[in-house]
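Trainee: Have a look at this one before I ask anything.
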Amino acid sequence: MKHLLLKNLTAALLLTGCIGVAHADGTKPMPMAMPADMAMSATAAKPAAKPAAKPATQASAAAAIKSAEDAAKQADTLGVEWNTVPTLLKAAHDAETSGDFATAQKKATKAEVQAKTAVAEAHEQATMWRAQVIH
């Protein structure tokens, strides 16, 4: 099976021109040209740049911390809070106290995401087991 997979992978790479086979005289063949409709244009549209983020303020940091604490409380109530969340919340509080509102907001946002992920994961696991047991 492993041999068959390797053979198919090699064939795919050869067909796409990613690798080439040397000629008997030691020269390599020219890579295959990609059809024009598949080739990326040098003038292809590039994704728009993200708008500049607003600088964090004391109010925005406090709001982020409050939101993170609410999410952490919900996760803790369900008994699924990740052990990184309290550490992130403490770091957010410390940064807010020292006046580093950008770091406070960043840490609080990360804590909130982790807490919400833990809750979502718990809800998913509470229902997913049925799919494994009940066929």
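The values are calculated or read from the model by the stated rules, or taken from the named source; none is laboratory data. This one's a predicted model, so the numbers in the text were calculated from it and none came from an experiment. Glycine also receives a Cβ, built like all others from the backbone with ideal geometry; neighbour counts cover every protein chain displayed.
Trainee: Cβ-Cβ under 8 Å, sequence separation 6+ or interchain: first residue in segment 75-100 and surrounded by 13 or more Cβ atoms within 10 Å (Cβ to Cβ), partner of a type in the set (Ser, Thr, Tyr). Which pairs?
Mentor: 82/117; 91/103; 92/103; 95/103
Trainee: May I pose another question? Looking at segment 51-74, which of the residues that are of a type in the set (D, E, K, R) and surrounded by fewer than 17 Cβ atoms within 10 Å (Cβ to Cβ) is modelled with the lowest pLDDT?
Mentor: Applying the filter and picking the extreme gives 54.
Trainee: Quick one: is residue 98 among the polar types (S, T, N, Q) and within 21 Å of residue 122 (Cα to Cα)?
Mentor: Spelling it out, it is not the case that residue 98 is among the polar types (S, T, N, Q) and within 21 Å of residue 122 (Cα to Cα).
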